[in-house]
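Participant: Would you mind keeping the following structure in view while I ask a few things?
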Amino acid sequence: MAARNAIQREDRRFGWMLMTPGLGLLAVVIGFPILWALYTSLFDYTLIMPGYENFVGAGNYVRAFGDGEFIHAAKVTLFFVLAVVLIEFAIGFLVALMLNDTERGKNIYYLILLCPLLMNPVVVGLIWRMFLHPTLGIVNYLLSLVHLGPVNWLGDAGIAFWTVVMVDIWHQVSFMIVLLLAGLSALPKEPYEAARVDGASALQSFWHITLPLMRPVIVVTLLIRVIFAIKTYDIIYIMTRGGPGIATDLVSYFIYRRAFVSLDLGEACAMAGILLIVVIAITAYLHRSMRAL
Amino acid sequence: MASIELRSVSKIYDSGAPAVRNINLDIADGEFMIFLGPSGCGKSTTLRMIAGLETISSGDLLIDGVRVNDVDPARRDIAIVFQNYALYPHMSVRQNMAFGLKLRALPAREIDRRIGEIAEMLDVAHLLDRRPSQLSGGQRQRVALGRALVREPRAFLLDEPLSNLDAKLRAVMRTELIKLHRRLRTTMIHVTHDQVEAMTMGQRICIMREGEIVQVGAPLDVYRDPADTFVASFLATPPMNLLTARLDATPDGLRLRAPGFEIAVPEPFGSAYASHAGRDVILGLRPEDLHEQAAAAGPLAQPISVAIETVEALGPETILTTKTSGGGDLSARVSERSEARIGQARTLYFDTRHLHLFDAQTTKLLPRIHIH
């Protein structure tokens with residue numbers, strides 16, 4: 001869009017002037033590290049022998065796709081994201097619908113629901129690690145009262161994944177509730193009255209009016225949660241360190257280990273680059289959906 | 001087609017505020033009824049209770065003689081057109097109109113037939129595939145009406161459907177609705193705060209104030225004999241002039257002493273008003289009954305001296321606001337040929353056959369016979 005007259009040119013110049021500090025800061029703290037990481041990913045760069053002597057081109061990327069552990073971590077992450085987002089959405093929508101019809105004590109419910117969201121993920125991980133301790137945890141104690149368990153929540157390879165999923169849901173479900181509730185309360189009331197008079201049952205109103213009208217909000221909420229779930233790291237670091245074995249080895253934790261445990265920074269950067277592309281693709285889609293709101 | 005009866009219907013909100021109090025009203029099958037009143041008078045609440053969108057706190061609502069207080073709106077077979085149209089924003093015009101029919105599981109062929117017919121009638125056939133957001137206000141209004149019409153319901157409830165339209169379109173839709181009612185002969189209840197709509201559209205007007213019915217009657221009857229000063233000042237613009245006056249018995253009959261003028265009460269009214277002699281009353285004079293020539297006023301014309309305060313030339317007529325020497329405000333609706341100028345002293349003539357008197361305490365009309 002070309003500036004058409006002196007006033008518009010002046011406005012543009014002023015706009016750039018206002019944006020410069022922010023853009024500069026972003027370039028330094030985000031743009032520069034990303035570019036350097038991408039540059040590093042093109043070299044055989046290890047923390048044992050740091051240096052940019054061995055240019056390998058796409059070699060690190062090829063090795064990443066051939067790396068069984070990376071593929072495994074990607075699969076675990078995909079499962080984790082699907083499980084977390086879908087279950088959170090189901091619970092979140094249900095609770096949001098119920099809260100939307102609640103008149104008394106709405107703020108109290110809201111406050112209670114927001115509490116987990118306000119907690120630091122590290123704290124969440126620590127609390128739940130204690131709750132779920134096989135012998136000292138309160139969860140197994142409560143189960144024993146009804147003659148169940150004990151369950152090795154974080155030590156059993158078959159259970160640990162779902163334990164982490166459950167803790168993440170506990171932590172993040174409020175995010176869904178808050179966003180969906182905001183969407184629901186912004187819906188116009190009149191079409192529902194029209195539908196009631198038109199002869200629609202509550203279920204039909206939900207199906208034919210609520211869902212279609214909520215579609216943009218639902219898409220955006222899901223996408224935001226997907227992006228956040230892909231980069232889940234803290235809970236894994238605190239609760240399982242990817243274990244037992246590699247049962248909960250999410251890709252961001254895997255990349256961290258490749259960089260700072262295996263010290264293979266070049267390959268870790270390549271994997272981070274791949275993750276970045278996936279997240280950018282989702283973000284681009286999110287951006288388009290939000291514009292349609 | 002349905003008759004609608006309200007028996008001692010009241011609505012009290014959870015907050016304890018009564019919105020509608022003890023409404024008794026019979027609406028005949030096929031009648032065009034108007035609910036008229038200022039905003040907050042309970043007319044929309046009453047309509048919504050008939051539709052089933054508001055619960056009835058006490059009393060009975062009968063449709064075709066059957067009590068329907070606890071019947072779901074979906075099963076009352078009544079259609080409502082909302083003030084803001086309440087179209088389904090994500091559906092096309094066709095889907096909007098088809099929605100209620102699909103829920104009733106009508107065959108697709110029948111749905112298409114009805115939509116085609118009604119769309120043709122309302123001149124929205126070319127808009128069937130558009131979304132409500134792509135329509136103008138008038139088109140949305142017609143679609144909302146169409147959505148009600150395709151259902152072929154027992155009664156139509158119209159909740160100020162014309163209030164969001166511009167003046168010209170409102171006049172057109174007013175005529176359309178009158179024609180529509182004449183054609184369908186379905187019971188219609190139209191809520192409005194616009195007294196022109198009220199006077200022109202309905203067969204009867206139900207005037208409400210503060211949750212209660214003040215008067216029910218044919219538009220001209222209500223205009224001629226307003227039940228109280230509220231109705232008198234609500235109907236018609238400019239509204240009826242109301243002045244406090246004293247009714248005195250003299251040897252020549254009853255005389256009204258108003259601020260700045262005196263008029264004789266015609267002989268035939270004497271018996272009706274005699275019991276109020278010696279008391280204060282509220283004198284009501286319609287602006288259209290005040291004339292600049294005695295001959296135009298009528299055989300019982302009496303002069304009132306006034307000072308002209310403003311002159312509003314509207315084209316077909318001129319509105320004068322004036323003051324009597326006693327400080328009483330009088331507005332007069334006179335011919336466009338009026339030569340009144342601001343500041344002039346003039347004489348207006350009033351034919352006492354058109355006199356209205358209201359009780360000063362209760363503000364109710366003092367009943368009297370009509371003289372033709």
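The values are calculated or read from the model by the stated rules, or taken from the named source; none is laboratory data. Every value quoted in this text rests on a predicted model; they were computed, and no experiment measured them. Methodologically, a virtual Cβ is constructed for each residue, glycine included, from the backbone with ideal geometry; neighbour enumeration extends over all protein chains shown.
Participant: Does region A:194-205 contain at least one residue that is away from chain B (no Cβ under 11 Å) and either under 20 Å from B:Pro89 (Cβ atoms) or assigned to a helix (DSSP H, G or I) (or both)? Write out each step before concluding.
Facilitator: Filtering region A:194-205 for residues away from chain B (no Cβ under 11 Å) gives A:203.
Subset that is either under 20 Å from B:Pro89 (Cβ atoms) or assigned to a helix (DSSP H, G or I) (or both): A:203.
For region A:194-205, residues away from chain B (no Cβ under 11 Å) and either under 20 Å from B:Pro89 (Cβ atoms) or assigned to a helix (DSSP H, G or I) (or both): present.
Participant: Something else now. If B:Leu169 passes every condition in (1) touching a helix residue (DSSP H, G or I) at 6+ places or on another chain (Cβ under 7 Å); (2) over 24 Å from A:Gln204 (Cβ atoms); (3) crowded, with 19+ Cβ neighbours inside 10 Å but one, which one does it miss?
Facilitator: The number of the failed condition is (3).
Participant: Take region A:15-66 and flag every residue that is under 13 Å from A:Cys269 (Cβ atoms), in a helix (DSSP H, G or I) and small (Gly, Ala, Ser). Break it down stepwise before answering.
Facilitator: The initial filter retains those residues of region A:15-66 that are under 13 Å from A:Cys269 (Cβ atoms), namely A:33-47, A:50, A:52, A:56, A:58-61, A:63-64.
From what is left, the residues that are in a helix (DSSP H, G or I) are A:33-40, A:59-61, A:63-64.
A:Ala37, A:Gly59, A:Ala64 - these are the residues of region A:15-66 that are under 13 Å from A:Cys269 (Cβ atoms), in a helix (DSSP H, G or I) and small (Gly, Ala, Ser).
Participant: A further question on this structure: Take the residues in region B:257-291 that are free of Cβ contacts under 8 Å to residues at least 60 places away in the same chain and touching a Lys or Arg at 6+ places or on another chain (Cβ under 7 Å), then tell me which one is surrounded by the most Cβ atoms within 10 Å (Cβ to Cβ).
Facilitator: B:Pro287
Participant: To continue, here is another question. How about region B:150-200: which of its residues are within 14 Å of another protein chain (Cβ to nearest Cβ) and within 18 Å of the chain's Cα centre (by Cα)? Don't jump to the end; show me each part of the working.
Facilitator: Residues of region B:150-200 that are within 14 Å of another protein chain (Cβ to nearest Cβ), as a first pass: B:150-161, B:164, B:189.
Within region B:150-200, B:Phe156, B:Leu157, B:Leu158, B:Asp159, B:Glu160, B:Pro161, B:Asn164, B:Ile189 qualify.
Participant: So if I check each of A:Tyr52, A:Tyr110, which one is more than 24 Å from A:Lys231 (Cα to Cα), in contact with a strand residue (DSSP E or B) (Cβ under 9 Å, 6 or more places away or on another chain) and at pLDDT below 90? Talk me through it step by step, then tell me what you get.
Facilitator: Working: A:Tyr110 fails: in contact with a strand residue (DSSP E or B) (Cβ under 9 Å, 6 or more places away or on another chain).
After ruling out the rest, the residue left standing is A:Tyr52.
Participant: If you go through region B:54-107 one residue at a time, how many are of a type in the set (D, E, K, R), more than 10 Å from chain A (Cβ to nearest Cβ) and crowded, with 19+ Cβ neighbours inside 10 Å?
Facilitator: 1
Participant: If I filter region A:181-193 down to residues being assigned to a helix (DSSP H, G or I) and closer than 14 Å to A:Asp101 by Cβ, which single residue comes out as farthest from the other protein chains (Cβ to nearest Cβ)?
Facilitator: Going through region A:181-193, the residues assigned to a helix (DSSP H, G or I) turn out to be A:181-185, A:190-193.
When the remaining residues are screened for being closer than 14 Å to A:Asp101 by Cβ, the result is A:181, A:184-185, A:192.
Numbers: A:Leu181: 20, A:Leu184: 15, A:Ser185: 16, A:Tyr192: 9 Å.
So, considering only residues that are assigned to a helix (DSSP H, G or I) and closer than 14 Å to A:Asp101 by Cβ, the one farthest from the other protein chains (Cβ to nearest Cβ) is A:Leu181.
Participant: I'm told B:Arg183 meets every condition in (1) modelled with pLDDT under 90; (2) in a loop (DSSP other than H, G, I, E, B) except one. Can you identify the failing condition by its number?
Facilitator: (2)
Participant: Next question. State which residue is farthest from the other protein chains (Cβ to nearest Cβ) when the search covers only region B:31-43 and only residues that are more than 18 Å from B:Pro153 (Cα to Cα) and surrounded by fewer than 21 Cβ atoms within 10 Å (Cβ to Cβ). Steps first, please.
Facilitator: From region B:31-43, those more than 18 Å from B:Pro153 (Cα to Cα) are B:34-43; that's our starting set.
Adding the requirement that they be surrounded by fewer than 21 Cβ atoms within 10 Å (Cβ to Cβ) leaves B:38-40.
Working: B:Pro38: 23, B:Ser39: 18, B:Gly40: 19 Å.
Per the stated criteria, the residue is B:Pro38.
Participant: Cβ-Cβ under 7 Å, sequence separation 6+ or interchain: first residue in region A:110-124 and over 21 Å from A:Ser185 (Cα atoms), partner among the small types (Gly, Ala, Ser) and at pLDDT 85 or above. Which pairs?
Facilitator: Listed pairs, sorted by first residue: A:Pro116/A:Ser174.
Participant: Let me ask another. Among what's in region B:126-140 and is away from chain A (no Cβ under 14 Å) and exposed (fewer than 15 other Cβ atoms within 10 Å of the Cβ), pick the residue that is modelled with the lowest pLDDT.
Facilitator: Start the filter on region B:126-140 by keeping residues that are away from chain A (no Cβ under 14 Å), which leaves B:126-130, B:134-139.
Going one step further and asking which of them are exposed (fewer than 15 other Cβ atoms within 10 Å of the Cβ), we end up with B:126, B:129, B:134, B:136-137.
Working: B:His126: 91, B:Asp129: 91, B:Gln134: 91, B:Ser136: 88, B:Gly137: 85.
Checked region B:126-140; the qualifying residue modelled with the lowest pLDDT is B:Gly137.
Participant: Additional query: Under the condition of being part of a helix (DSSP H, G or I), among the aliphatic types (A, V, I, L, M) and within 16 Å of the chain's Cα centre (by Cα), which residue from region A:229-271 is nearest to A:Pro50 (Cα to Cα)?
Facilitator: A:Val251
Participant: Separate question: For region A:96-118, how many residues are under 15 Å from A:His171 (Cα atoms) and surrounded by 13 or more Cβ atoms within 10 Å (Cβ to Cβ)? So that I can check it myself, show each step before the final result.
Facilitator: Step one: of region A:96-118, the residues under 15 Å from A:His171 (Cα atoms) are A:110-118.
In the following step, the residues that additionally are surrounded by 13 or more Cβ atoms within 10 Å (Cβ to Cβ) were identified as A:110, A:113-114, A:116-117.
Looking only at that region, the number is 5.
Residue-wise test of (1) hydrophobic (A, V, I, L, M, F, W, C); (2) in contact (Cβ under 8 Å) with a residue 24 or more places away in the chain.
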residue	(1), (2)
A:Asn5	no, no
A:Gly15	no, no
A:Met19	yes, no
A:Leu25	yes, no
A:Ile30	yes, no
A:Ile34	yes, yes
A:Leu38	yes, yes
A:Glu53	no, no
A:Arg63	no, yes
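Participant: While we're here: Among (1) outside any loop (DSSP other than H, G, I, E, B); (2) free of Cβ contacts under 8 Å to residues at least 12 places away in the same chain, which single condition is A:Gly149 missing?
Facilitator: The one condition A:Gly149 does not meet is (1).
Participant: Given the options A:Ile255, A:Ile246, A:Ile209, name the one that is under 30 Å from A:Leu94 (Cα atoms), touching a helix residue (DSSP H, G or I) at 6+ places or on another chain (Cβ under 8 Å) and in contact (Cβ under 8 Å) with a residue 12 or more places away in the chain.
Facilitator: A:Ile209
Participant: Taking region B:226-274 only, how many residues are touching a helix residue (DSSP H, G or I) at 6+ places or on another chain (Cβ under 8 Å) and over 25 Å from B:Ser305 (Cα atoms)?
Facilitator: Count: 4.
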